[in-house]
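What follows is one structure encoded as structure tokens, with my remarks underneath.
The values are calculated or read from the model by the stated rules, or taken from the named source; none is laboratory data. The shown structure was predicted, so the numbers you read here are calculated from the model rather than taken from an experiment. As a convention, Cβ positions derive from the backbone with ideal geometry for all residues, glycine included, and neighbour counts pool all protein chains shown.
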Amino acid sequence: MTNYLIDTHAHIDMLEGMEGAIKNAFDNNVKKIIVPCAYPKDVEKIYEIAQRHDNVFGLLGVHPSEAQDWEDSLINKIKEYAKNPKIVGIGEIGLDYYWDKSFNDIQKDVFIKQIKLANELNLPICIHDREAHKDTFDILKEHNKNSTVVMHCFSGSVEFARECIKEGWYLALGGVVTFKNAVKMKEVAKDIPLDRLLLETDCPYLTPVPFRGKENQPAYVSYVAEEIAKIREIPVEKIAEITSQNAEKVYNI
């Protein structure tokens, strides 16, 4: 029986004390950590972090907010690194219309290139979708052929969640579900089939209650699990077991 937790999305490279945070996670029953890449310049760094640490795995890709820094030469670089079993997916990729809508077309173009790369490598894709639900959904429907889809830090409605589930995608929930005013996320947490649920922290961001305002870290994924267990009125051990099995299946870890 799997009672440990997996943090499927942790920017540990951005933490003040990365080594301490990894140790703290492992000491607190978080047995595996997946680290996404955001910036083109960090592809090598994420690869090396995954190489250096047991049970730490990497995703390689370029975040939509950094799409203007994309260069096609990254495709071959990522292909080379992805030969290593510690690189388990392409991410985080997608669309972000929250900060700056002036380069949406570039974001879409870079998103499609990275979906095609993941398809070629037969790797799952970790999706960043902020205030871009329709375009994200439509692009995935049109261009994704064979990659498992993880909607990281899911922020849509129950209705949108159901549309994603219909497509066979996974939804990852993080610290937001612990916030008192996060009514929509609590509804999603209650509604989603457990076999489509993943847990994450998105550290150092979105720190769960009771640590809001402080730096987030992978050990805190336990608070996400506890909140979802409370919402669904089931034992937290069941949440740990099923979400860890899901993560191991999706990312082959």
Open item on the list: List the residue pairs whose Cβ atoms are under 7 Å apart, where the first residue sits in segment 234-253 and is closer than 19 Å to TYR220 by Cβ, the second is at pLDDT 95 or above and among the hydroxyl-bearing types (Ser, Thr, Tyr), and the two are 6 or more positions apart or on different chains.
Closed with: ALA240/TYR4; SER244/TYR4; ALA247/THR8
Task: Residue pairs meeting the criteria (Cβ under 7 Å; at least 6 apart or on separate chains; first under 19 Å from PHE57 (Cα atoms), in segment 69-87; second in a helix (DSSP H, G or I) and polar (S, T, N, Q)) - done: LYS86/GLN51
TODO: Filter segment 19-40 down to residues that are of a type in the set (D, E, K, R), surrounded by fewer than 20 Cβ atoms within 10 Å (Cβ to Cβ) and touching a residue at least 24 places away in the same chain (Cβ under 8 Å), then give me how many there are.
DONE: 2
TODO: Could you figure out which of (1) among the aliphatic types (A, V, I, L, M); (2) crowded, with 19+ Cβ neighbours inside 10 Å; (3) out of contact with any Gly (no Cβ under 8 Å at 6 or more places or on another chain) isn't true of ILE234?
DONE: (2)
Open item on the list: Against the conditions (1) loosely packed, with under 15 Cβ neighbours inside 10 Å; (2) closer than 22 Å to ASN144 by Cα, where does GLY94 fall short? Just the number, please.
Closed with: (1)
TODO: Could you check LEU199 against (1) touching a Ser or Thr at 6+ places or on another chain (Cβ under 9 Å); (2) surrounded by fewer than 21 Cβ atoms within 10 Å (Cβ to Cβ); (3) closer than 21 Å to GLY61 by Cβ and say which number it fails?
DONE: (2)
Open item on the list: With the structure loaded, tell me whether LYS113 is of a type in the set (Lys, Arg) and crowded, with 16+ Cβ neighbours inside 10 Å or whether it fails that test.
Closed with: yes
Task: Cross-chain or 6+ apart pairs with Cβ under 7 Å, segment 151-164 first and farther than 9 Å from ILE127 by Cβ and surrounded by fewer than 24 Cβ atoms within 10 Å (Cβ to Cβ), then basic (Lys, Arg) and at pLDDT 95 or above - done: SER155/ARG130; SER157/LYS184
- [ ] Could you list all residues from segment 17-48 that are among the β-branched types (Val, Ile, Thr) and either under 24 Å from ALA225 (Cβ atoms) or modelled with pLDDT under 95 (or both)?
- [x] ILE22, VAL30, ILE33, ILE34, VAL35
Open item on the list: Restricting to segment 204-218, give me the number of residues that are assigned to a loop (DSSP other than H, G, I, E, B) and either in contact with a helix residue (DSSP H, G or I) (Cβ under 6 Å, 6 or more places away or on another chain) or of a type in the set (Phe, Trp, Tyr) (or both).
Closed with: 8
Open item on the list: When you scan segment 143-156, do you find a residue that is assigned to a helix (DSSP H, G or I) and not hydroxyl-bearing (Ser, Thr, Tyr), even just one?
Closed with: yes
